[in-house]
Amino acid sequence: MTSSSLSAAFPAHPVLVVMGVSGVGKSTVAALLSERLGWDFAEGDTMHPTANVEKMAAGHPLDDTDRWPWLEIVASWIRQHEEAGEPGIITCSALKRSYRDVLRGPGVVFVHLAGPTDLIGDRLSKRVDHFMPPGLLDSQVATLEPLGADEAHVVVDAGRAPETEVDEILSELDLGAGVG
């Protein structure tokens, strides 16, 4: 099941922000979207300042003071693509509306991957070489605010095959391979 809120004037060269809690599949789905569409892709987690990564790796959730500089870096990547008229895909948890307000622009569409907490927790427990420990999932779920009707978005049920999720996103956004 997908839900969406898209304006009638869908941008010709959108920037998709693949969002959701850690472990929901953002990186996998975003990479597949990038491959299918031939669009530029950035992993938002790699833009975190070192202090943020160390804090999360130690099992401490980020607070807003930690997040603002990172969100500005992600927003800068988005703006560069919008100003150049180039489509792109970036991952970012974008858990709160105030965070999405920093990222939002006329060509931004949020692609929210949403799934059951137990499924996501299971995925996190099987991860290796990632700084986000499974113990922080509850804090992310508690922080997550639903997308508003005024935020261009699609919500996709996670937990299925990533290829199926990508097919659904492409269909919902009326994007075909090679568009852009």
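Quick note: the coordinates plus some simple rules give every number you see, no bench work behind them. Bear in mind that the values here come from a model prediction, so they are computed numbers and not experimental data. Don't worry about glycine lacking a Cβ; one is built from the backbone with ideal geometry, like all the others, and counts go over all protein chains shown.
Taking the Cα-to-Cβ direction at GLU72 and at HIS13 and moving 7 Å from each Cα, how far apart do the two end points lie in nm?
According to this spin-label approximation, the distance is 2.6 nm.
How do TRP77, TRP68 line up, fewest other C-beta atoms within 10 Å first? Can you show the working numbers first?
On the way: TRP77 18, TRP68 12.
Ordered by Cβ neighbours within 10 Å, fewest first: TRP68, TRP77.
Would you list GLU43, GLU168 from fewest to most Cβ contacts within 10 Å?
Ascending number of Cβ neighbours within 10 Å: GLU43, GLU168.
Under the Karplus relation 6.51 cos²θ - 1.76 cosθ + 1.60, θ = phi - 60°, what is the ordered set of whole-Hz ³J(HN,Hα) values for the stretch 144-158, x standing for Gly and Pro?
With the stated coefficients, the stretch 144-158 comes to 4, 10, x, 5, x, 4, 8, 9, 4, 7, 10, 10, 10, 5, 7 Hz.
Could you pull out which residues in the stretch 79-96 have an amide N less than 20 Å from a spot 7 Å beyond the Cα of ALA57, following the Cα-Cβ vector?
Residues passing the 20 Å test: 93.
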